[in-house]
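A.B. asks: Can you keep this structure in mind? I'll have questions shortly.
The values are calculated or read from the model by the stated rules, or taken from the named source; none is laboratory data. These figures come from a predicted structure and were not determined experimentally. Every residue, glycine among them, receives a Cβ derived from its backbone with ideal geometry; neighbour counts consider all protein chains shown.
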Amino acid sequence: MEIKTANACYVIDVHGNSYIDTTMGSGAQIIGHNNKLIKKILQQIEKGTIYTIPNCHTRQVNYYLKKYINPDFYEQYIFCNSGTEANMRAIRLARAFTGKSLIGRFHGGWHGGLDGFLDEHPDNKGVPQETNKLFKVLPYNDEQCFDMITEDMAAVIIEPVQGSNPRSDVKKFLQKLRRRCSETGVLLIFDEVMTGFRLSAHGGSGIFDVRPDIVTYGKVLGGGFPVGVVGGREDIMKTKGVFYGGTFSANPLSMYAASLILETIVESKYIDYDKLQQAGEFFRNEINSFFISEGKKMRAIGCGPLSRIVFTDQFIKNRKERDYFETKNAQEDFTAKLKRIGVFVNGNGLYHFSMSHTPEVIKELILKIKEACQERLNNDHNS
């Protein structure tokens, strides 16, 4: 499948076939494809796409982030080109500030293609074992992790909501994690690349009322253009001797896009988080009612506009339990069935709803999922 064009919440392939897009650029588009901001952003191309020196849009992004999003954080942010780069810089910063090397991360989390994050990934060749020893894997949403967080660690990095198992019932876990990190002097890094500006204007931190020491952003903040951002406490951000540079970091095109997204959020234009929350809840409630009534071992889980269909009717609290209960290749097979009937779901099975996913589109999506379930049932009977 090769995409030729996209508009609102639809993508069209090179053969002219149209699909409901639940991927939305792996979560980067929250307004919709070819949205009202695109023409404004493209005006910047005529003014230059790379200056190498600071530009006025970077100052505007810093202003919005400080004044409206994180007033307790330092006024200067670190800018780069992706969520992976942002997490890489956040970890480097944490190590420099603490003078320690060991980083805690959670099983089932995804922080990009950085060495040290890939030991659970099937494509992990080329990563030295010595690198993996600099990271400690912790059980997610499991209180056993707290005893594993010790004073010899520089930081713990976590997605407030994991893409592999998106749940809305992790507030107490995250608050206990905050307390444990404070007790041990370990920095808490929130990877909000996926959740930032998607779950709420203040991301997962706002939803769960937990303040990290360092935060990373990407995806939505770039408005469809590549961006990565690191912010944090003033004493941490002022750490000297840490390299963050990059040729395209804070380029004027991405910074202008980010400034327009933040302006849109601050002024409540085009993005309505209540509607996004309602869309996600409606989808999960309707599809779960169908799964239960049909006796299917499937459930829709999620938080706000972020959802995932899991192929078990068991309660699962983390990725480890999901992998234990789910039938192997079920996600891959179901995603392929949806694609055949006009729904594009990414390989990771995540549904990212945007403002362009109207109630009518959500209802159409639910009907197509029911149709795919029926095809699955018929195939099971024929096999």
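A.B. asks: Looking at (1) part of a helix (DSSP H, G or I); (2) under 20 Å from the mean Cα position of the chain (by Cα); (3) closer than 26 Å to residue 106 by Cβ, which is the one condition that is false for residue 307?
C.D. replies: Among (1) part of a helix (DSSP H, G or I); (2) under 20 Å from the mean Cα position of the chain (by Cα); (3) closer than 26 Å to residue 106 by Cβ, residue 307 violates only (1).
A.B. asks: For the structure I just gave you, tell me whether residue 104 is modelled with pLDDT of 95 or more, among the small types (Gly, Ala, Ser) and farther than 14 Å from residue 242 by Cα.
C.D. replies: Yes: the conditions hold for residue 104.
A.B. asks: Same structure again: Just give me the residues in the stretch 51-84 being surrounded by 14 or more Cβ atoms within 10 Å (Cβ to Cβ), among the β-branched types (Val, Ile, Thr) and more than 20 Å from residue 191 (Cβ to Cβ), in sequence order.
C.D. replies: Matches in the stretch 51-84: 58 only.
A.B. asks: Tell me which residues, restricted to the stretch 1-58, are closer than 22 Å to residue 198 by Cβ, in a loop (DSSP other than H, G, I, E, B) and touching a residue at least 60 places away in the same chain (Cβ under 8 Å).
C.D. replies: Answer for the stretch 1-58, where residues must be closer than 22 Å to residue 198 by Cβ, in a loop (DSSP other than H, G, I, E, B) and touching a residue at least 60 places away in the same chain (Cβ under 8 Å): 9, 22, 23, 28, 29, 30, 31, 32, 35, 36, 37.
A.B. asks: Here's a check for you: in the stretch 331-356, which residue that is in a loop (DSSP other than H, G, I, E, B) and modelled with pLDDT under 95 is nearest to residue 22 (Cα to Cα)?
C.D. replies: Within the stretch 331-356, the match that is nearest to residue 22 (Cα to Cα) is 346.
A.B. asks: Still on this model: Which residues, taken from the stretch 284-298, are in contact with a strand residue (DSSP E or B) (Cβ under 7 Å, 6 or more places away or on another chain) and surrounded by fewer than 20 Cβ atoms within 10 Å (Cβ to Cβ)?
C.D. replies: Within the stretch 284-298, 288, 291 meet the criteria.
A.B. asks: Pick from 142, 169: which is closer than 25 Å to residue 206 by Cβ, out of contact with any Asp or Glu (no Cβ under 8 Å at 6 or more places or on another chain) and without any contact (Cβ under 8 Å) to a residue 12 or more places away in the chain? It would help to see each step written out before you state the result.
C.D. replies: Numbers: 142 fails: without any contact (Cβ under 8 Å) to a residue 12 or more places away in the chain.
After ruling out the rest, the residue left standing is 169.
A.B. asks: How about the stretch 317-330: which of its residues are farther than 25 Å from residue 13 by Cα and either under 20 Å from the mean Cα position of the chain (by Cα) or assigned to a helix (DSSP H, G or I) (or both)?
C.D. replies: Answer for the stretch 317-330, where residues must be farther than 25 Å from residue 13 by Cα and either under 20 Å from the mean Cα position of the chain (by Cα) or assigned to a helix (DSSP H, G or I) (or both): 317, 318, 319, 320, 321, 322, 323, 324, 325.
A.B. asks: Look through 264, 184 and report the one residue that is farther than 22 Å from residue 112 by Cβ, in contact (Cβ under 8 Å) with a residue 12 or more places away in the chain and in contact with a Ser or Thr (Cβ under 8 Å, 6 or more places away or on another chain).
C.D. replies: 184
A.B. asks: Shifting gears a bit: Scan the stretch 225-241 for residues that are in a loop (DSSP other than H, G, I, E, B) and more than 20 Å from residue 53 (Cβ to Cβ) and jot them down.
C.D. replies: 233, 238, 239, 240, 241
A.B. asks: Kindly evaluate residue 115 against the criterion of being among the acidic types (Asp, Glu) and over 20 Å from residue 228 (Cα atoms).
C.D. replies: no
A.B. asks: Let me ask something additional. Please state which of the following conditions residue 141 fails to meet, knowing it meets all the rest: (1) in contact with a Lys or Arg (Cβ under 8 Å, 6 or more places away or on another chain); (2) crowded, with 23+ Cβ neighbours inside 10 Å; (3) at negative phi.
C.D. replies: So residue 141 meets the others, but not (3).
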